[in-house]
Amino acid sequence: MLGNLFNTLAQASDKTELTVLDICTGAGGEALGLELAGFTNAASIEIDPLACQTLRLNRPSWQVIQSDI
C-alpha cells in the first residue's frame, strides 16, 4: 500500500503543484491548513482509528491510511 503511495508522490513531483504526505495526522488540523495554503494532500497516515474515522467523515476525498509508520 505504501509503495503505491510513493509512486503517486513521485508522479506528483513532476507537476508544479505542491503535494504533501501527512504522517501522524491526528484529526487533520495541519493537513487542512496545508490544503488551504494550496497543497494537495496525497495521503494522511494515522494510527488512531477514531482520528481516521474523523478524517474520513470530514475529508472524504482524502486518502486516509490507518497504519503505524
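The values are calculated or read from the model by the stated rules, or taken from the named source; none is laboratory data. Predicted, not measured: the structure shown is a model, and the values here were computed from it. Counting neighbours? That spans all protein chains shown, and the Cβs are built from the backbone with ideal geometry, glycine included. SASA here: full protein model, heavy atoms, side chains in, ligands and nucleic acids out. Shrake-Rupley method; radii C 1.70, N 1.55, O 1.52, S 1.80 Å.
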Next on the checklist: Which order do you get for L32, L5 if you rank them by accessible area with a 1.4 Å probe, largest at the top?
Outcome noted: L32, L5
Next on the checklist: List the residues, sorted by chain then number, that are 5 or more residues from I45 or on another chain and whose placed amide H is less than 5 Å from its amide H.
Outcome noted: D22, I23, C24, T25, I65
Item to check | Value of relative contact order over the chain, rounded to a whole percent, pairs C-alpha under 8 Å and six or more apart | outcome: 29 percent
Checklist entry - Considering only the other residues whose Cβ falls under 15 Å of the Cβ of C52, what net charge follows from Lys and Arg at +1 and Asp and Glu at -1? => result -2
Checklist entry - What do the square roots of 5 times the Cα gyration tensor eigenvalues come to for the chain, in whole Å, largest first, as semi-axes of the equivalent ellipsoid? => result 19, 15, 9
Checklist entry - Using a probe of 1.4 angstrom, how much of the accessible area of the chain is carbon and sulfur, in percent? => result 55 percent
